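See below for the structure under consideration.
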Amino acid sequence: MRSITRAALTAVAVIPTSLAAPAFASAADAGEVAFAFTVSGSTVTNTITNDSGTPLDCMTGLAPAPGGVLPPVAEVIANGQTLGTSGRVQPGVTTQTVTEIPDGTYVVLASCSTDGLATMWVSDYPGIADHLAPMPVTAYPVQQASPVVTVPATLPAFGSS
């Protein structure tokens, strides 16, 4: 089983840490990974489509989005993602689910990378390209943008107090 630390290296929240990773030749394509985010109650699900032909290390994370406003990417990177899940994603379609999310508004981010961080796919985010450009890896923003989601408070049943 891969450690959470290794999987976290693929997260956009730790881009500065991953700058030390060596660059390797890659035949990957920007369109080989897709994300689709949904929210239901206190759960956020990311459906990952991996058409790269190789297993990837992926992470789906959430960072606070106070007032429902998408925070600047530099702020998200500096503060990290407070909730998330990660793991190995085989070619095909896989879901990653973050559960028991406290009420509030969050931005959902996702990233996947090949072994050795040779290639990385990151959910699109305003300003992310500037943070990916200096990295010694082939990095692609994924067309699915990082959305702001609201996890609602559980409402009491009708007639209860």
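The values are calculated or read from the model by the stated rules, or taken from the named source; none is laboratory data. For clarity, every value in this text was computed on a predicted model and none was experimentally measured. FYI the Cβ positions are ideal-geometry reconstructions off the backbone, even for glycines, and counts take in every protein chain you see. Surface accessibility is based on the protein's heavy atoms, side chains included, excluding ligands, DNA and RNA. Shrake-Rupley method; radii C 1.70, N 1.55, O 1.52, S 1.80 Å.
At-a-glance table
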{"item": "Once the Cα gyration tensor of the range 63-161 is diagonalised, semi-axes √(5λ) in Å", "result": "30, 18, 10"}
{"item": "FRET efficiency, T97 to D130 (Cβ-Cβ, R0 25 Å, nearest 0.05)", "result": "0.25"}
{"item": "Cα Rg, Dmax, the range 55-121, angstrom units", "result": "13.1, 37"}
{"item": "Packing-based ranking, highest mean first, of 109-118, 47-56, 87-96 given that Cβ atoms within 10 Å are counted", "result": "109-118, 47-56, 87-96"}
{"item": "11 Å beta-carbon shell around D51, net charge (K/R +1, D/E -1)", "result": "-2"}
{"item": "Solvent-accessible area, 1.4 Å probe, carbon plus sulfur percent, for the range 102-147", "result": "55"}
{"item": "Separation of the D115 and D51 label points, Cα + 7 Å toward Cβ, nm", "result": "2.5"}
{"item": "Computed label-point distance, nm, for sites E75 and T38 using a 7 Å Cα→Cβ extension", "result": "3.0"}
